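In what follows, a single structure is set out as C-alpha cells and then discussed.
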Amino acid sequence: QRQMCIRDRYYYKLQVLVLTADTALTDTVKKLEPLAGFEYEVLCRQNFDVAVKTADVVICDLLNAETLEALHRCKPGAAVVLSADAKFLEQLAPEDYNVLADIWVKPYLGTFIRFKLRRLFENIKNVRDCHLAENYLNTTINSIPSLIWFKDIRGAHLKVNDSFCRAVGKTKDDVEGRGHYYIWDMKKEEYEQGEYICLESEEIVLQEKKTCIFDEKVKTKHGMRQFKTYKSPIFDDNEQLIGTVGIAHDVTDLENMGAELEVILRNLPFAVLLTNEAGKIINANDICSQYFTEGKEAMIGQEYQQWKQQNLADMSEINAKGYADAKVLVGRREKNLEIYEKPIFDVFGTAVGMLCMCRDVTVERQLEKKIIYSANTDQLTDLYNRRYFYEYMTRNKIMSKHVNLFYIDLDNFKKINDEYGHQAGDTVLVMVAGLLKQTFGAEFIARVGGDEFLAVVLGSKTDAELAILAERFLSSLQQTIADNAKFSVLSASIGIAVSNALTDVDLLIRQSDSALYEAKRNGKKQYKIYHK
C-alpha cells in the first residue's frame, strides 16, 4: 500500500546502461529489486553507442581508449559509474572526475556491487524526492495571493513567492539572500520614524518560538498596504532555531477580507452589500435575497449605480446623513426600505468602497404616518389642527406667495350645545367641516378652535372672487340646516384677509379676525374683507 501511495506521487522509469563484457555484472544489475516508484530498464552493451546519450545511469566496465571521451558524452545529470582497476584510474584527469557519480575499484565482490547499486539508486530517489517536494512547495506558495517568505536567523530572505515579488517590484533572484531594507527600498531612518514593526515582529517570533499574528503597515510598490501577518519559527533536526516563515494577507482592499466580512454580514439583521473602489458590488449577505428578486449571487459583480436604478427606482435623494427611502415589491407586497450609504476608508484614509444597508421600515413608516396624522389632524372633523396650520404656513415659504385667509366662526353654536348637548354640537362641527371641503376643495382647511375654522386659498384673487367663495359656503350652510329645526339658529360669519410678501402669519390672522369681528358686529351671517 505504501508503494502504491509513492507511485501515486511519481513514477520513474530509469534507463540503466551497462557497458561491459562481463555477464555477471549485467546479471547482478538486472536482479536488483527496484525501489518504490521506480522501474529499471537495463541495457547491456559491449561497445559505446547512442545509448550513452539517453541513459539515466551508465555503468562502464569497458577500459579502452574511448572510455574517458565517451563518458563525457553522457546525458546531463546522468549518474555515471566507472568500474576500473587502480592502474586505469591513474589516467584520469581532474575534469574526468567531474562527470563521475562513483568509482568501483577492481577487484570487488558481487555483494559490493549490490551494495553500491543500492546506494546509487537510493541517492537518485532522494534527489527525485527533494525535487518533488520543492515542486510541491513552489506550486503551493506561488498559487497563494498572500505574500510568503522564508528567512534565515539573520533575516536574509531565502525563498519568496510570486505575490511577494509583485509587492516589492523585484525578481526572486534579486530578493533571495537580501535583507529587509533593500527589498522594500527603505532606509533605516525612514523605518525607525514610521509605524513599521516588521523587524520587531520577527524578533518576537524568535523569542517566543511560536506562531504569532501581527497587524503591519508596509510601504509597497503599490503604496501603503495593511497586512494581517502570520509568522512562525523554523527549527532544524536538533530543535535549533534556523529562521522564520511569514505569510502576509493584504487586508487593505475589501476583496481580501472575504472570510472576516462573511462572518459580519451573515450576522447582521438587515440587507447589506459592499462595493469596491471601482463601484462594483463585491459582497452581500443572504437577507438581500429576501428583498431583491435576483438574489445575492446575481448581485455580486454588478455596477452598484446601475443596480440601484434597476432595483430602487423610487429611491429618494440621499440626505446629509447618508439616508434615503425606497420602495420594493416583495412578492405582491410593497415594502418600505430605509437605505443607508457610507463610504468605506482603509487605515490610511483612502476610499476603498461603499457600504449600503437596506432596512425594512414598512411597519415603522405606517406608524409614523399614523402619529403624524394624529399630531396634525383634528380627530372629530378630520381637518388639520392649529399646530399644523402654523407648520404649513411656514413650510415651502407659503407666506412669500399670495395668500388669502378665510377665518370662519359659527354663530350661536353655544346655544346648540347648551340646548341639545355636545353630541349635537359635534354633529354640527362634522357637517360644517364637510361643507368647507365642498367649498374650498383641495385648499388647506383647519379647525383652530371649538367652532373656529381657517381656510387658506393661494393665488391672486379679486374681492369678487373671494366673495363668491364666502357666499357659496354661507349659502350651502343655510340650505343644509333648513331641514333641521333644532339647528335653525346656526349661521356663520367670515373674515377674509389678503397677504403680501411682507405680511407674517400672525398679522394675517389678526387682520382676518378683525374682519370677522366686523361681520359679527354688523349682524352676523355674512362675510367681510379686511382693508386698511
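The values are calculated or read from the model by the stated rules, or taken from the named source; none is laboratory data. Everything quoted here is computed from the prediction, not taken from an experiment. So basically every Cβ, Gly included, is an ideal-geometry build from the backbone, and we count neighbours across all protein chains shown. All accessible areas refer to the heavy atoms of the entire protein, side chains included, with ligands and DNA or RNA removed. Shrake-Rupley method; radii C 1.70, N 1.55, O 1.52, S 1.80 Å.
If the condition is being crowded, with 20+ Cβ neighbours inside 10 Å, polar (S, T, N, Q), touching a Leu at 6+ places or on another chain (Cβ under 7 Å) and within 17 Å of K308 (Cβ to Cβ), then the range 264-293 contributes only N283. Taken together, K296, K308 contain a single residue that is open to solvent by less than 50 Å² (accessible area, probe 1.4 Å), modelled with pLDDT under 85 and charged (D, E, K, R), which is K296.
When L429, L516, L508 are checked against the criterion of being farther than 20 Å from K414 by Cα, open to solvent by less than 30 Å² (accessible area, probe 1.4 Å) and among the aliphatic types (A, V, I, L, M), L508 stands alone in meeting it.
Being surrounded by fewer than 19 Cβ atoms within 10 Å (Cβ to Cβ) and among the aliphatic types (A, V, I, L, M) is true for just one of I153, I148, I141. Which residue is that?
Values: I148 fails: surrounded by fewer than 19 Cβ atoms within 10 Å (Cβ to Cβ); I141 fails: surrounded by fewer than 19 Cβ atoms within 10 Å (Cβ to Cβ).
None of the others qualify; the one that does is I153.
Exactly one residue among Y40, Y12, Y97 is hydroxyl-bearing (S, T, Y) and open to solvent by 60 Å² or more (accessible area, probe 1.4 Å), and that residue is Y97. Mind checking whether some residue in the range 235-251 is closer than 27 Å to T275 by Cα and in contact with a Gly (Cβ under 7 Å, 6 or more places away or on another chain)? Looking for residues that are closer than 27 Å to T275 by Cα and in contact with a Gly (Cβ under 7 Å, 6 or more places away or on another chain), one finds none in the range 235-251, hence no. Within the range 435-457, being more than 54 Å from the chain's Cα centre (by Cα), outside any helix (DSSP H, G or I) and not hydrophobic (A, V, I, L, M, F, W, C) holds for G449, G450, D451, E452. Only one of the numbered conditions (1) in a loop (DSSP other than H, G, I, E, B); (2) closer than 22 Å to M399 by Cβ; (3) more than 59 Å from the chain's Cα centre (by Cα) is violated by V489, and that is (2).
Could you go through the range 180-196 and let me know if any residue there is of a type outside the set (D, E), open to solvent by less than 70 Å² (accessible area, probe 1.4 Å) and touching a residue at least 40 places away in the same chain (Cβ under 8 Å). No: zero hits. Evaluated against (1) at pLDDT 85 or above; (2) surrounded by 15 or more Cβ atoms within 10 Å (Cβ to Cβ); (3) touching a Leu at 6+ places or on another chain (Cβ under 9 Å), K342 falls short on exactly one condition, (2).
Show me the helices (runs of 4 or more DSSP H) entirely contained within the range 50-147 in which 1 or more residues are touching a residue at least 24 places away in the same chain (Cβ under 8 Å) and under 60 Å from the mean Cα position of the chain (by Cα). Show your work before the answer.
On the way: elements: 67-71, 86-89, 94-97, 110-142.
Qualifying helices (runs of 4 or more DSSP H): 110-142.
Of the residues in the range 442-462, at least one is over 26 Å from R395 (Cβ atoms) and either among the charged types (D, E, K, R) or open to solvent by 60 Å² or more (accessible area, probe 1.4 Å) (or both). In the range 399-425, of all residues being open to solvent by 10 Å² or more (accessible area, probe 1.4 Å) and either among the hydroxyl-bearing types (S, T, Y) or under 60 Å from the mean Cα position of the chain (by Cα) (or both), the one that is nearest to V505 (Cα to Cα) corresponds to M399. Scanning the range 236-248 for residues that are over 12 Å from L147 (Cβ atoms) and either buried (at least 18 other Cβ atoms within 10 Å of the Cβ) or free of Cβ contacts under 8 Å to residues at least 12 places away in the same chain (or both) yields a count of 7. Examine the range 200-209 for a residue that is open to solvent by 70 Å² or more (accessible area, probe 1.4 Å), among the basic types (K, R) and without any contact (Cβ under 8 Å) to a residue 12 or more places away in the chain, and state whether such a residue exists. Looking through the range 200-209, none of the residues is open to solvent by 70 Å² or more (accessible area, probe 1.4 Å), among the basic types (K, R) and without any contact (Cβ under 8 Å) to a residue 12 or more places away in the chain.
Is it true that some residue in the range 252-268 is within 25 Å of S143 (Cα to Cα) and either at pLDDT 85 or above or basic (K, R) (or both)? Taking every residue of the range 252-268 in turn, none turns out to be within 25 Å of S143 (Cα to Cα) and either at pLDDT 85 or above or basic (K, R) (or both).
With the structure loaded, tell me whether V57 is among the hydrophobic types (A, V, I, L, M, F, W, C) and buried (at least 18 other Cβ atoms within 10 Å of the Cβ) or whether it fails that test.
In short, yes.
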